[in-house]
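Here is the structure we will look at.
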Amino acid sequence: MGAARVIYWFRTDLRLHDSPALHAALELKPEVLYPVWTWDPHYVYHARVSSNRWRYLLDCQADVDKRIKKLTGSNGLLVLRGNPLNVLKQALQDWKITHLVFEQDTDTYALSRDTQVRAMAEKLGVKVVSKLGRTLWDPIELNKVHGGKPVMTLAAVQKLGSQIGPVPRPIEAPTSLPSAGDTKLEAPKDEIQDAPDLNEPARGDGRVTSYDQVAGPNGDYSVPTMEEINIKPAEGPYRGGETLALEALEAYMADKKKTATFEKPKTNPGVFHPPETTLLSPHLHFGSLSIRTFYWRVMDVCKAYGSGASKPPASLEGQLLFRDMYFAAQCGIDNFEQTLGNAHCRYIPWRLLQEPDEEAEAWLEAWTHGRTGFPWIDAIMRQLRRDGWIHHLARHSVACFLTRGHCYIAWEKGAQVFEELLIDHETACNVGNWQWLSCTAFFSQYYRVYSPVAFGKKWDKSGALIREFVPELKNVPDKYIYEPWLMSKVDMKAAGCILGQDYPKRIFDEKEQAKVALAGMKEAYDAKLYGDSPQIGKTKSPESPVKSGKKRGQQSLDGFAKKAKIEPAEEHEANEA
DNA sequence: CTGCAGGTTGACAAC
DNA sequence: GGTTGTCAACCTGCA
């Protein structure tokens, strides 16, 4: 039996430190190791991604590329442009690969993609190895030991997690890597499906050239540039990559008291550049920081600190446990990313869930672009758009406002905006948190409503966040900064801000609208319907959105993925012939 | 079955 | 200005 020839497929794990999958690849003692990223058109066209997040991804790739080059002394990351099923099939054959190794990914699209890739590889006689590395515990196993029910409470994560066993300690980054062999590839002619192009808002004017060649414009599989992928320049201040991730972790952990006594609800959503929280979530998303490295650094600091350390759910450990909870819920619930067909999501007849509604469309548009006339809400939404990151409680505040608190608009609409704009967007966490805030799952105390005026004021009396992100209100006195509609004509003139001209009038009276929304929530709770209740289908038009493929797909979140058609390899061969 | 405690992070008024 | 009770009352998990 010859030596192993390995493709290491990077996806959710753009790092070299504590990578169980990479470790498994190296344990095969391969004679050649091809570190591959597949530039998947699904993400380029069928997922919402802002310029900020595209740049963050490229940052992570560039950093891993540099690290790999250092260890191999030759090649870096090989970015193969094309549908992973097709390019990997070609690479497995042309490079005489014996093992395909990657980190387990339980996202909806990823599960279906990996199932197909696995089948394709095994058919070619290639061994497929996948390892857990993205969560503290295996989300599938968490649900299994929960009796097959999806894990949806933090207490359950703690209990079942400790039953499964302690989180493994992180493993060191390799000190050397085998080089890749010959990288010549008989590039398959990929049919790139670019419709629907959900990334259109981030794209520049030029043509997408990413898929002209499988090896990229220089023929060397180099990490793409923003120009090459034709994405507009990113405006935000936050950059990605393993090097920055590890530095940021150490910088935060250096303050032992802050780390050990961390309580999320006590961190200030009005503080920015830098925020009071760790800002490590985007690194977790791209895998440029290992979750286990983060977890054990926190646990060790807390242990050394002693009895004064904070505890879950508010503590840093608690934040990481929530993440595991959402991953478990996502892979344990059918149609997790939407209301319809989701047995664990309360059915609420949200505006814009199914029926057109001009007023609600206008409110959604105003919310999306920070033009609601509520300075606190608008500041957060503009911060989200410019920087790609907002504080957790700020997310709560604007999510509550759009859904159960005031606008009574379907949570999926808001989740789509977050999906596009957040640099730390994680489908499981984003969808889960939107369900939480909209009181459709996880949480149900709908009478606790965040005020668009009082909540911000509590943290930030003089409105620094508003003055930064809503400059038209810069000179409004503190007294009116959260409620500019209280200004007289004279006040407006003095502040250089005429309402309805320089800054919008509020879209509604928030106290009145909160009453309307609360009454709606009460009625919806009394009805006790869930996303899979048969009554829902019956009350709607016969052209039920649950069944109709294309239109629904365009509207849904990552769940679109599972409906996106990935051509079986055989069909492609037939097409090419 | 019932009852009850607890639930990451509310708002507001009254003291 | 910081603490406390009320608002109107949800869910899950466990005894």
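In region A:1-133, how does Rg compare with the Kirkwood Rh, expressed as the Rg/Rh ratio over alpha carbon atoms? Ratio of gyration radius to Kirkwood radius: 0.94.
Evaluating kT/(6 pi eta Rh) at 37 °C and 0.692 mPa s, with the Kirkwood radius of region A:243-331 over Cα pairs in the Stokes-Einstein relation, gives 243 µm² s⁻¹.
Basic side chains Lys and Arg get +1 at the Cβ, acidic Asp and Glu get -1 at the Cβ, and with that the dipole of region A:165-282 about its Cα centre reaches some 800 debye.
Which of the GluC sites (Glu not before Pro) across region A:235-279 are loop residues per DSSP, with 15 or fewer other Cβ within 10 Å? Walk me through the intermediate numbers first.
Numbers: sites: A:Glu235, A:Glu242, A:Glu247, A:Glu250, A:Glu263, A:Glu276; in loops: A:Glu235, A:Glu263, A:Glu276.
Passing sites in region A:235-279 are A:Glu235, A:Glu263.
Sites listed here are trypsin sites (Lys or Arg not before Pro) in region A:349-456 whose DSSP assignment is loop and whose Cβ has at most 16 other Cβ atoms within 10 Å: A:Arg448. The loop-placed trypsin sites (Lys or Arg not before Pro) in region A:33-128, going by DSSP, that have at most 13 neighbouring Cβ atoms within 10 Å of their Cβ come out as A:Lys96.
In summary, the lysines within cross-link reach of A:Lys144, defined as a Cα separation below 19 angstrom excluding same-chain residues under 8 places away, comprise A:Lys131, A:Lys159. Overall, the accessible surface of region A:243-331 at a probe of 1.4 angstrom is composed of carbon and sulfur to the extent of 58 percent. Per-residue extension of 0.36 nm, minus the Cα-Cα distance of A:Glu200 and A:Thr115, leaves a gain of 27.7 nm for this segment. Projecting the Cα positions of A:Met325, A:Ser210, A:Thr427 onto the charge dipole of chain A (unit charges on Cβ atoms of Lys, Arg, Asp and Glu, taken about the Cα centre) puts A:Met325 furthest along the positive direction. If you average the sequence gap of Cα pairs under 8 Å that are 6 or more apart and divide by the length of region A:1-115, what percent do you get for the contact order? Across region A:1-115, relative contact order equals 41 percent.
Farthest toward the positive end of the dipole of region A:342-530, out of A:Ala527, A:Met381, A:Gly463, is the Cα of A:Gly463, where the dipole comes from beta carbon charges about the Cα centre. Eigenvalues of the alpha-carbon gyration tensor of region A:342-530, scaled by 5 and square-rooted, set the equivalent ellipsoid semi-axes at 29, 18, 14 angstrom, largest first.
Per residue Cα convex hull volume for region A:182-337, in cubic angstrom?
Details: hull volume 31.1 nm³, N = 156.
Once divided by residue count, the hull of region A:182-337 is 200 Å³.
Pairs spanning more than 26 Å between alpha-carbon atoms, out of A:Lys123/A:Lys189; A:Lys457/A:Lys505; A:Lys311/A:Lys522; A:Lys413/A:Lys528; A:Lys311/A:Lys511; A:Lys29/A:Lys123: A:Lys311/A:Lys522; A:Lys311/A:Lys511. Electrostatic bookkeeping for A:Arg207 treats Lys and Arg as +1 and Asp and Glu as -1; over the other residues with beta carbon under 12 Å from its beta carbon, the sum is -4.
Taking all C-alpha pairs of chain A, those more than 46 Å from each other amount to 15 percent. Scaled against 2.2 N^0.38 Å for its residue count N, the alpha carbon radius of gyration of region A:5-66 is 1.28.
Distance cut-off 29 Å, Cα to Cα: go down the list A:Lys458/A:Lys493; A:Lys256/A:Lys479; A:Lys257/A:Lys474; A:Lys258/A:Lys461 and report the pairs above it. Working shown, then result.
Working: A:Lys458/A:Lys493 27 Å; A:Lys256/A:Lys479 38 Å; A:Lys257/A:Lys474 35 Å; A:Lys258/A:Lys461 24 Å.
Beyond 29 Å: A:Lys256/A:Lys479; A:Lys257/A:Lys474.
Excluding ligands, DNA and RNA, the accessible surface per residue across region A:188-231 is 55 Å² with a 1.4 Å probe. Its Cα centre serving as origin, chain A has a Cβ charge dipole (Lys and Arg +1, Asp and Glu -1) of approximately 1680 debye. Using the rule -39500 (n - 2.57) for each DSSP H run of four or more residues, divided by the residues of chain A, the 222 nm mean residue ellipticity is -13000 deg cm²/dmol.
Mind checking Rg over Rh on region A:377-480, alpha carbons, Kirkwood formula for Rh?
Details: Rg = 13.9 Å, Rh = 14.2 Å.
Value, to two decimals: 0.98.
The values are calculated or read from the model by the stated rules, or taken from the named source; none is laboratory data. The model shown is predicted, which means the values in this text are computed figures rather than measured ones. Heads up, the Cβs are rebuilt from the backbone with ideal geometry, glycines too, and the neighbour counts pull from every protein chain shown. The protein model used for the area step is the full one, side chains on, heavy atoms only, and it has no ligands, DNA or RNA in it. Shrake-Rupley method; radii C 1.70, N 1.55, O 1.52, S 1.80 Å.
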